[in-house]
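Undergrad: Below are the structure tokens for one structure; questions will follow.
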Amino acid sequence: MTEHDTSKPAQLYVWSDVDPDHEADFNLWYDREHMEERVRIPGFTGARRYRAVSGSARRYLALYRADNLGCFTTDAYRKAFTQQTSWSNLNFSRMSNTRRRVMSVAMEVGFGAGGNVAMVVLNKPEGAHGIDAERIHQLLTDIAQIDGVLHCQYLVPDETLSTPLPSEKTQGRVLAPAIVIDTTTEPAAEAALHQMRESLEGAVEDAQTFSLLWSLDQREFPA
């Protein structure tokens, strides 16, 4: 397992489909309970929800930002993760094809959050796919020059903290890095996705673009 710099920011992503018969309640749960519950955990700084625009891997993506990986080992986080509400447990049972990954933000170029995101997940663990840090940094730097690209992140999963949710298949489960690109428009997200596919060649397992549903910043809560 790769040793991560625990001083760097961390990000959890939950990428999933949901039973269409219960999609409205799933979205209401996220919007009225789950996002707020998670962002109120000490050390979490914000969260964003997305719906897929292109690609067919999974329809919904949630990103949660935290100060560092240690935020996922606190008593407050363990309590939230192990003592889910009944509404949470119900909606977890309706999710399918889920991926839950606790990631170290290993590299960033640019800043800000856009209304669209491009994401690729690589097909092998860090260090096993022949893509070194220098090449990744150059790729992010190049993508940042695309008009409409704001922020590029290279995320590396923590094996211990990336506990699977019940709806994730564990057989053959691979914990691989991901690249997330924030853009102002869907065409910019598609351009970033195209460039990542070309540059990474056969190293891409999944690739998708998303549009923002909503975001929540920890600073927005009343004092």
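Undergrad: Rounded, prolate or oblate: which fits the range 114-193 when a ≥ b ≥ c are the square roots of the eigenvalues of the alpha-carbon gyration tensor, with rounded for a/c under 1.5 and prolate only if a/b beats b/c? Mind dumping the intermediate values first?
TA: On the way: a/c = 2.75, a/b = 1.58, b/c = 1.74.
Here the range 114-193 falls in the oblate category.
Undergrad: With unit charges on the beta carbon (Lys/Arg positive, Asp/Glu negative), name the residue among Leu140, Ala178, Ser215 whose Cα is farthest towards the positive pole of the charge dipole of the chain.
TA: After comparing all options, I get Ser215.
Undergrad: Can you tell me the length gained on complete extension of the stretch Asp147 to Ser211, counting 0.36 nm per residue apart and subtracting the Cα distance? Before the final figure, lay out each step's value.
TA: Details: separation 64, 0.36 × 64 = 23.04 nm, distance 1.73 nm.
Full-extension gain reported as 21.3 nm.
Undergrad: Now for a different question. List the residues of the range 39-71 whose backbone N lies under 15 Å from a point placed 7 Å from the Cα of Lys8 along the Cα-to-Cβ direction.
TA: Label zone hits: 66-70.
Undergrad: Here's another thing I want to ask about it. How big is the dipole moment of the range 126-223 about its Cα centre under a simple scheme where the beta carbon of each Lys and Arg is +1, that of each Asp and Glu is -1, and everything else is neutral? Debye, nearest 20, please.
TA: Computed about the Cα centre, the dipole is about 220 debye.
Undergrad: I need to check one value: relative contact order of the chain, counting alpha carbon pairs closer than 8 Å and at least 6 residues apart, in percent.
TA: So the answer I get is 30 percent.
Undergrad: Based on DSSP H runs of at least 4 residues, each adding -39500 (n - 2.57), what is the mean residue ellipticity at 222 nm of the chain after dividing by all its residues, to the nearest 500 deg cm²/dmol? Can you show the working numbers first?
TA: On the way: 6 runs with 55 residues, N = 223.
Theoretical 222 nm ellipticity from helices: -7000 deg cm²/dmol.
Undergrad: Would you kindly state how much longer the chain becomes between Gln218 and Thr160 on full extension, computed as 0.36 nm times their sequence separation minus their alpha carbon distance, in nm to one decimal? Numbers along the way, then the final one.
TA: Details: separation 58, 0.36 × 58 = 20.88 nm, distance 2.58 nm.
Gain on extension, Gln218 to Thr160, equals 18.3 nm.
Undergrad: Related question: Please compute the per residue accessible area over the chain with all protein chains in place, 1.4 Å probe, rounded to a whole number of Å².
TA: 47
Undergrad: Counting only protein heavy atoms and a 1.4 Å probe, tell me what percentage of the chain's accessible area is made up of carbon and sulfur. Let's see the in-between values first.
TA: Values: 5070 of 10410 Å².
About 49 percent, which is the carbon plus sulfur part of the accessible surface.
Undergrad: Hey, got the dipole for the chain? About the Cα centre, +1 on K and R Cβ, -1 on D and E Cβ, debye to the nearest 20? Write down the numbers at each step before the final one.
TA: Details: 22 positive and 31 negative charges, 110 e Å.
For the chain, the charge dipole is close to 540 debye.
Undergrad: Right, something else. Taking only the alpha-carbon positions of the range 1-129 and ignoring solvent, what does the Debye formula give for the base-10 log of I(q)/I(0) at q = 0.10, 0.15, 0.21 Å⁻¹?
TA: -0.35, -0.81, -1.49
Undergrad: Answer rounded, prolate or oblate for the range 166-223, using the Cα gyration tensor with square roots of eigenvalues a ≥ b ≥ c: rounded when a/c is under 1.5, else prolate when a/b is larger than b/c, else oblate.
TA: On the way: a/c = 2.76, a/b = 1.25, b/c = 2.21.
The shape class here is oblate.
Undergrad: Could you tell me which of Asn91, Gly55, Ser199 has its Cα farthest along the dipole of the chain towards the positive end, charges placed at Cβ (Lys, Arg +1; Asp, Glu -1), taken about the Cα centre?
TA: Asn91
The values are calculated or read from the model by the stated rules, or taken from the named source; none is laboratory data. No experiment lies behind these values; they were computed from the predicted model shown. All Cβ positions, even for glycine, are placed from backbone atoms using ideal geometry, and neighbour counts span all protein chains on display. Only protein heavy atoms, including side chains, enter the accessible area calculation; ligands, DNA and RNA are left aside. Shrake-Rupley method; radii C 1.70, N 1.55, O 1.52, S 1.80 Å.
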